[in-house]
Amino acid sequence: MVYWPLDDDFERLVPKLEQMLAVEPKPKPEREPGSAAPTADRFVCDVAYVTDGDTLRCQDGMRIRLHAVAARETDETCSPGHPCPTASAASATAELRRLAANRTITCERIGQSYNRVTAICWTPAEVEINCAMIRSGTTVMWDRFNRERPICRS
């Protein structure tokens, strides 16, 4: 996977590229959701679709696995060794769709899992999606990963 640096040269080139491509520039937010200051591990995802209760895909093809969140598989099973919520896979998928589908969300990259970026993500209204999924009762917290990088911190 390639991570493009967002240095000063790149920031200066964006308006020129937009002009050349006749693309309307997107207004920049005053700050990124979920953080007072942007960091190198933050990125924006235009959500193309929700795969299941803990995974979604961005328009650019990136697959995101919600960090420290466990949902049932789409066939309603739980993988061996994984936490298993009592809620159905369908209810978790519906809740993630309610929070993220067809939205532009901001995420913080935490790691990698099976060709997916693991991340903590926020809605445009700055609701932490990972935490909202746990609080909805449709998923459970995966303590092992939450100890490495806690969610629900705000």
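Every number here is computed from the coordinates shown, using simple stated rules; none is lab data. The structure displayed is predicted, hence computed values, not measured ones. Every residue, glycine as well, gets a Cβ built from its backbone with ideal geometry; the counts of neighbours run over all protein chains shown.
Apart from one condition, T138 fits all of (1) under 18 Å from D41 (Cα atoms); (2) of a type in the set (S, T, Y); (3) surrounded by 21 or more Cβ atoms within 10 Å (Cβ to Cβ); the exception is (1). Candidates are the residues of the range 73-117 that are under 19 Å from D143 (Cα atoms) and of a type in the set (D, E, K, R); the one that is farthest from the chain's Cα centre (by Cα) is E73. Each residue in the range 76-100 was checked for being over 16 Å from C45 (Cβ atoms) and part of a helix (DSSP H, G or I), and 8 of them qualify.
For (1) in a strand (DSSP E or B); (2) among the small types (G, A, S); (3) in contact with a strand residue (DSSP E or B) (Cβ under 8 Å, 6 or more places away or on another chain), each residue gets a yes or a no:
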site	(1), (2), (3)
N102	no, no, yes
I105	yes, no, yes
I110	yes, no, yes
A119	yes, yes, yes
N130	no, no, yes
M133	no, no, yes
T138	no, no, no
R144	no, no, no
I151	no, no, yes
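Quick check on the range 102-135: of everything there that is closer than 21 Å to P83 by Cα and in contact with an Asp or Glu (Cβ under 7 Å, 6 or more places away or on another chain), which residue is surrounded by the fewest Cβ atoms within 10 Å (Cβ to Cβ)? Checking each candidate, the answer is A119.
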